[in-house]
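Note sheet for the following structure.
The values are calculated or read from the model by the stated rules, or taken from the named source; none is laboratory data. If you're wondering where the values come from, they're calculated on a predicted model, not measured in any experiment. Backbone-built Cβ (ideal geometry, glycine too); neighbour counts: all protein chains shown. Just the protein is used for accessible areas: all its heavy atoms, side chains included, with ligands, DNA and RNA removed. Shrake-Rupley method; radii C 1.70, N 1.55, O 1.52, S 1.80 Å.
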Amino acid sequence: GEGYVPGEGGAFMIVERLEHAQRRAAPQIYAEVVGYGATQDAYHHSRPAPDGQQLARAITLALREAGIGPPDIDAIFLDAVGTREWDEPEVRAVRDVFKEHARQVPATAPKSMVGRLHSGGAALDVATALMAIRDRSIPPTVNLDRPREGCELNFVLAKPQERDLKHVLLIARGFGGFNSALVLRRFVE
């Protein structure tokens, strides 16, 4: 089947300049924001553009700002709405940008465990990615036995996947055609 379970909640974290965190002796610095990209589909007020081109552009902008390429990404945290209308363009965008690496890099959808939090979802995904970087463990996509034809990626299924994560890509989208991509890099002193 398809569809999503609405959820409620969110997350917050402190985002500050590295120099400030170091000066105040922050007890734990998980990662640095090294790339961001945002685009607009301007396609429909509640549906994403089916071609995924503007989402692919947001991902490309984030990678470019981070100064890395698709082979450098260790995990992708997908927006993963849970419907064909939203998920097929997202997978298409990932494949367009990552080419042959799309089937190699682990992909996950943490929202599968908590539901779709709408405005709070992206913040929770960032917090989850930070914990994944810290714990060197990619959370699984639950309740996915096998991806629908055309939506195959290297999904982390059933249980967490242990992996040293240096760069993580996060994708977030919203009604009205908003697309965003964020690249986090593990902080190393």
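Any chance you could look up the accessible area of residue 99 with a 1.4 Å probe, heavy atoms only, rounded to 10 Å²?
Rounded to the nearest 10, the figure is 130 Å².
Apply the Karplus curve 6.51 cos²θ - 1.76 cosθ + 1.60, θ = phi - 60°, to the phi angles in region 160-169 and return the couplings in whole Hz, x for Gly and Pro.
x, 10, 5, 6, 6, 10, 9, 10, 10, 9
Accessible area of the chain with a 1.4 Å probe: how many percent of it is carbon plus sulfur?
So the carbon and sulfur contribution to the accessible surface is 50 percent.
With only alpha-carbon atoms in the gyration tensor, what are the semi-axes of the equivalent ellipsoid for region 1-126, in Å, largest first?
Numbers: eigenvalues 141, 79, 40 Å².
Semi-axes from the Cα gyration tensor: 27, 20, 14 Å.
Once the Cα atoms of helix 121-135 and of the chain are each reduced to a long axis, what angle between those two axes, in degrees from 0 to 90 to the nearest 10, is obtained?
50 degrees
So, for the chain, what is the accessible surface per residue at a probe of 1.4 Å, expressed in square angstrom?
Value for the chain: 54 Å² per residue.
On a 0 to 90 degree scale, rounded to 10, what angle separates helix 53-66 from the longest Cα axis of the chain?
On a 0 to 90 degree scale, this one is about 10.
Which sequence of 79, 145, 74, 96 reflects their accessible areas, 1.4 Å probe, from the largest down?
In descending accessible area the options line up as 145, 96, 74, 79.
At a probe radius of 1.4 Å, what is the per-residue accessible area of residue 152, in Å² to the nearest 10?
50 Å²
Does anything in region 120-137 have its amide N under 17 Å from the 7 Å Cα→Cβ label point of residue 162, and if so which residues?
So the set is 132-137.
Determine the calculated [θ] at 222 nm for the chain from helices alone, applying -39500 (n - 2.57) to every DSSP H run no shorter than 4 residues and normalising by the residue count; nearest 500 deg cm²/dmol. Show your work: numbers first, answer last.
Values: 5 runs with 54 residues, N = 189.
Calculated mean residue ellipticity at 222 nm is -8500 deg cm²/dmol.
Between residue 12 and residue 53, what is 0.36 nm times their sequence separation minus the Cα-Cα distance? Round to one decimal in nm.
Between residue 12 and residue 53, full extension yields an extra 11.8 nm.
Which FRET efficiency, nearest 0.05, do residue 104 and residue 5 yield, Cβ-Cβ r, R0 30 Å? Present the calculation step by step, with values, prior to reporting the outcome.
Working: r = 30 Å, r/R0 = 0.98.
With R0 = 30 Å, the Cβ-Cβ based efficiency is 0.50.
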